[in-house]
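Worksheet: one structure, shown below.
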Amino acid sequence: MLGTNDLKSRFAVSGATIAAGAGELAALAAGTGFGPDGEPPRLLLVAPPATCVDATSGTFGDDFSGADQRSARFGDQFARVAMTVGADFFDAGSHARSSEVDGIHLSAGSQRRLGRALAAWVSEQLRADRPTDH
């Protein structure tokens, strides 16, 4: 779930640029032999949920000015990057929302929903990858 801290206004980058940066890290990892049997690892790129900084009482001041707009399309942007680098993709924003307390972090309830959804997704992927005994 890389990318949320990159939304800080001092970095002045778009959501697409943030997703591309996560993709560069994924591509680096894909180029290693740190997967099973020295093969490249299977990668999962997780798009963070959009922020809701504007709905908070200014917890972070101007540090994340414009973050809500720039993160609104994270799901689509990260999905495109994942496809480009050959990584699996999971949209955390489909299962969790940024907390209304600070607009950045997840509440305990969102953490639970995200954890359960991600665990179910991984479990399904492992079942699908398991060789059949026929």
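Quick one: in segment 1-55, which of the residues that are under 14 Å from the mean Cα position of the chain (by Cα) and among the acidic types (D, E) is farthest from R113 (Cα to Cα)?
E24
Looking only at residues in segment 31-65 that are closer than 26 Å to R97 by Cα and of a type in the set (F, W, Y), which one is surrounded by the fewest Cβ atoms within 10 Å (Cβ to Cβ)?
My answer is F60.
Take segment 38-73 and flag every residue that is assigned to a helix (DSSP H, G or I) and within 27 Å of D129 (Cβ to Cβ).
G38
Under 9 Å between Cβ atoms, at least 6 apart or on separate chains: pull out the pairs that start in segment 115-129 with a residue that is within 13 Å of D88 (Cα to Cα) and end on any residue that is part of a helix (DSSP H, G or I) and of a type outside the set (S, T, N, Q).
Correct list of pairs: L118/A92.
Of all residues in segment 83-113, which are out of contact with any Gly (no Cβ under 9 Å at 6 or more places or on another chain), in contact (Cβ under 8 Å) with a residue 40 or more places away in the chain and assigned to a helix (DSSP H, G or I)?
Correct list: S110 only.
If I filter segment 66-80 down to residues being touching a helix residue (DSSP H, G or I) at 6+ places or on another chain (Cβ under 8 Å) and of a type in the set (A, V, I, L, M, F, W, C), which single residue comes out as surrounded by the fewest Cβ atoms within 10 Å (Cβ to Cβ)?
Restricting to residues being touching a helix residue (DSSP H, G or I) at 6+ places or on another chain (Cβ under 8 Å) and of a type in the set (A, V, I, L, M, F, W, C), the top hit is A72.
All of the numbers you see were taken from the coordinates with simple rules; none came from a lab. Here the structure is a predicted model, which means the values were calculated and not measured. Don't worry about glycine lacking a Cβ; one is built from the backbone with ideal geometry, like all the others, and counts go over all protein chains shown.
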